[in-house]
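Read through the structure below, which is laid out as structure tokens, and then see the notes.
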Amino acid sequence: MDSLEIHLDHVDVDLGTARILHGLTLTLAGREHFAVIGDNGAGKTTLLRLLVGELWPSQRSGGSRVYRLFGEESASPIGIRPHVRLVTPTMADWYQRHDLRVPIWEVICAGLRNTPFLYHPPTEAEREQARSLGLEMGLGLVLDRPMRAVSTGQAKRALLARALIAEPKLMAVDELTQGLDRQGQLRLLDALNRIADTGRTRLLVSGHGLLPVPDAVKGRIYLEHGRLAERPSRVRPGALDLPEREAEVVRPETVVELRSCSVVMDGRAAVDNLTWTVRSGECWGVLGRNGGGKSTLLQLVTGYRRAWPGGEASWFGRTGLIRMSEIRGRIGILAPWIGERIEPGATCRDVLLSGLCDGLGVHRNLAAEQVEGAEELAMSWGMADWLERPLSSLSYGQARQVMLARGVVHAPELLVLDEPFSGLDASWQARMVELLSDWAARGRTLILATHSPEFMDDLLTHGLILDQGRCVAAMEWPRLRGTPAFAALFAENRERCAGS
């Protein structure tokens, strides 16, 4: 890994008309591994993309980027591209958005040529190399499944294996442990420590101040508003001030009712014979390990998946044949399967306004007062300056904030969130808790899937634990916290998962 050096000298980076990175002077050389740490919007993802050659320094400034590979210098990233790999949260979204039925082993094998999938049949040796690396990453049971049919943790390990198969000199991993349960975090950290022990690959990982990092990652690069900082900083968002609603909607007692519901995906039950009732004003936490069925259950609840024949689902007291288009206007959603369907070029204004008519980045026939209310929400959340920017120009955490605003802009009766704290720094996590507590105080109904129970004691009224799609426990939240199933799910190994 010490055969590749990267030198930045007063480099700026612009995305469109926005300057994201300012005057960076930085050197990656020797055998040290680094963690890039900063709050949402600090520029972490942009820095990683700059270092691996996906972005160019601004042509409007005089900074320079120089690569030194095997002693030869170049300002162009073309020569180093075969030797670097970048893993980001949006890569898994790409496979989901295109609904490719490419098996996991083939995704890994495609990493040899840095393509999303194989364009030519692999050799037997390449096939075996991909499957062997998949086994090392704990993916033995899912190697023949498509990316769309595996958990968040499994998809992340598959993408890491895809990057590793080429034995890169530099591997950059954006938002290292995002979306992983405790067990998944530990397995990922163990895998990265094994990579570091080989001495062939430099690790460059990014995250927030509480980022668990592999033991081998000793170096720190702190970012604040796109500039290098000497120490960790905390950029706190402004106080949350949700616009008041003039009238409360009269809600039926039962909001969601599932009776013997199963969801079968690629021959296996992702949700298995579940009976569950959510009543008005209840706040449910859906818990479970990666692959337990949480996201699939939320897709069932929001009508994006249908129950297998024999099961019945009803919403807001309505039974029989239900058109989900008539129901979704009463439901707000924050989930990856919504965001991945929105074109990255859509502006934040269009994304926000699309929540008023159940659109995916597009809107139509909105009244002036609806637009005004949405703009007031954006202003109260500190997002007014983002409205004309493309969603793709925001950091991952900022984009999630826009998607959350889209989910609540129409004041839905039921709010459904899949991993709402994922990708948010500590300040924005606290802001999310404030928002959800305000929501619950209004008597509205909430269902969220989370790996972060530490935020939930003052919010949730009930909890459901899933394991392989089956209900392990469903009861009031204080009782659930005392069950063996809860203790087993959130047992921590603090020595192995040391913070930065």
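For segment 400-408, just list the computed ³J(HN,Hα) in residue order, Karplus coefficients 6.51, -1.76 and 1.60, θ = phi - 60°, integers in Hz, with x standing in for Gly and Pro.
So the Karplus estimates, Gly and Pro as x, are 5, 5, 5, 5, 5, 4, 4, x, 10 Hz.
Please give the net charge around Leu391, taking every other residue with its beta carbon less than 13 angstrom from that of Leu391, where Lys and Arg add +1 and Asp and Glu add -1. The partial results should precede the final answer.
Working: positive: Arg341, Arg349, Arg389, Arg400, Arg406; negative: Asp93, Glu340, Glu343, Asp350, Glu388.
After counting each charged neighbour, the total is 0.
What order do you get for 349-355, 453-459 when each peptide is scored by the mean count of other beta carbon atoms within 10 Å, highest first?
Working: 349-355: 23.4, 453-459: 14.1.
Top to bottom by mean Cβ count within 10 Å: 349-355, 453-459.
Under 5 Å between amide hydrogens, which residues at least 5 positions from Arg202 or on another chain qualify, with H placed 1.01 Å from N in the peptide plane?
Amide H neighbours of Arg202: Leu170, Met171.
In square angstrom, what is the accessible area per residue of the chain with a 1.4 angstrom probe? Numbers along the way, then the final one.
Details: 21530 Å² over 500 residues.
I get 43 Å² per residue for the chain.
In the neighborhood of Leu28, defined by Cβ-to-Cβ distances under 14 Å, what is the net charge if each Lys or Arg adds +1 and each Asp or Glu adds -1? The partial results should precede the final answer.
Values: positive: Arg31, Arg65, Arg68, Lys169, Arg202, Lys218, Arg220; negative: Asp2, Glu5, Asp9, Glu32.
Taking every Cβ under 14 Å from that of Leu28, the sum is +3.
Within 13 Å, Cβ to Cβ, of Ala473, how many net charges do the neighbouring residues add up to if Lys/Arg are +1 and Asp/Glu are -1? Provide the component values of the computation, followed by the final result.
Working: positive: Arg470, Arg479, Arg481; negative: Asp467, Glu476.
Charge balance near Ala473 sits at +1.
Quickly rank 435-444, 107-116, 368-377, 42-51 as a protection proxy: mean count of other C-beta atoms within 10 Å, highest first.
Working: 435-444: 16.6, 107-116: 20.2, 368-377: 15.0, 42-51: 23.8.
Going from most to least packed, we get 42-51, 107-116, 435-444, 368-377.
So for segment 54-192: antiparallel DSSP bridges make up what percent, rounded to the nearest 5? Don't jump to the answer; show the numbers that get you there.
Numbers: 4 of 8 bridges.
Within segment 54-192, antiparallel bridges account for around 50 percent of the total.
From largest accessible area down, sort Lys294, Lys169; use a 1.4 Å probe on the protein chains.
Lys169, Lys294
Starting at the first residue of segment 100-115, write each ³J(HN,Hα) from the Karplus equation 6.51 cos²θ - 1.76 cosθ + 1.60 with θ = phi - 60°, in whole Hz, x for Gly and Pro.
7, 9, 8, x, 4, 4, 6, 4, 4, 4, 5, x, 4, 10, 6, 10
Under a cut-off of 12 Å between alpha-carbon atoms, report the aspartates and glutamates in cross-link reach of Lys44, not counting same-chain residues fewer than 8 places apart.
Partners found: Asp174, Glu175, Glu224.
Sort the following peptides by mean Cβ neighbour count (other Cβ atoms within 10 Å, averaged over residues), highest first: 145-157, 62-74, 461-473, 260-272. Spell out each step's value before the answer.
Values: 145-157: 22.6, 62-74: 13.8, 461-473: 19.7, 260-272: 17.5.
Ranked by mean Cβ neighbours within 10 Å, highest first: 145-157, 461-473, 260-272, 62-74.
Among Arg194, Arg305, what's the order by accessible area (1.4 angstrom probe), most exposed first? Write down the numbers at each step before the final one.
Details: Arg194 115, Arg305 65 Å².
Greatest to least solvent exposure: Arg194, Arg305.
Once the piece of chain linking Ala29 and Glu167 is laid out straight, how much longer is it, given 0.36 nm per residue of separation minus the C-alpha distance between them? Before the final figure, lay out the partial values.
On the way: separation 138, 0.36 × 138 = 49.68 nm, distance 1.77 nm.
Here the segment from Ala29 to Glu167 would lengthen by 47.9 nm.
Considering only segment 370-500, what is the antiparallel percent among its DSSP beta bridges, to the nearest 5? Present the calculation step by step, with values, prior to reporting the outcome.
On the way: 6 of 11 bridges.
Of the beta bridges lying entirely in segment 370-500, close to 55 percent run antiparallel.
Leaving out ligands, DNA and RNA, what percent of the accessible area of the chain is carbon and sulfur, probe 1.4 Å? Please report the intermediate quantities before stating the final value.
Details: 10450 of 21530 Å².
In the chain, the share of accessible area belonging to carbon and sulfur is 49 percent.
Using the Karplus equation 6.51 cos²θ - 1.76 cosθ + 1.60 (θ = phi - 60°), what ³J(HN,Hα) coupling, rounded to whole Hz, does each residue of segment 387-396 give in order, writing x for Gly and Pro?
Taking θ as phi minus 60°, the curve returns 4, 8, 8, x, 4, 5, 7, 8, 5, 4 Hz for segment 387-396.
Compute the FRET efficiency between Thr198 and Glu253 as 1/(1 + (r/R0)^6), taking r as their Cβ-Cβ distance and R0 = 56 Å, and round to the nearest 0.05.
The pair Thr198/Glu253 has a calculated efficiency of 0.40.
Give the calculated FRET efficiency between Cys357 and Arg318 to the nearest 0.05, with a Förster radius of 30 Å applied to their Cβ-Cβ distance. Don't skip to the end; give the middle numbers.
Working: r = 21 Å, r/R0 = 0.70.
So the FRET efficiency works out to roughly 0.90.
Quick one: of the DSSP bridges fully inside the chain, what percent are antiparallel, nearest 5?
In the chain, DSSP labels about 55 percent of beta bridges as antiparallel.
For Val87, list long-range residues whose amide hydrogen, built 1.01 Å from N in the peptide plane, is under 5 Å from its own amide hydrogen.
Ala172, Val173, Asp174
Counting only the heavy atoms of the protein chains, how much of Trp315 is accessible to a 1.4 Å probe, in Å² to the nearest 10?
Counting only protein heavy atoms, the figure is 10 Å².
The values are calculated or read from the model by the stated rules, or taken from the named source; none is laboratory data. A quick note: this is a predicted structure, and the numbers were derived from the prediction, not measured. Quick reminder, even Gly has a Cβ in these numbers, built from the backbone with ideal geometry, and neighbours come from all protein chains shown. All accessible areas refer to the heavy atoms of the entire protein, side chains included, with ligands and DNA or RNA removed. Shrake-Rupley method; radii C 1.70, N 1.55, O 1.52, S 1.80 Å.
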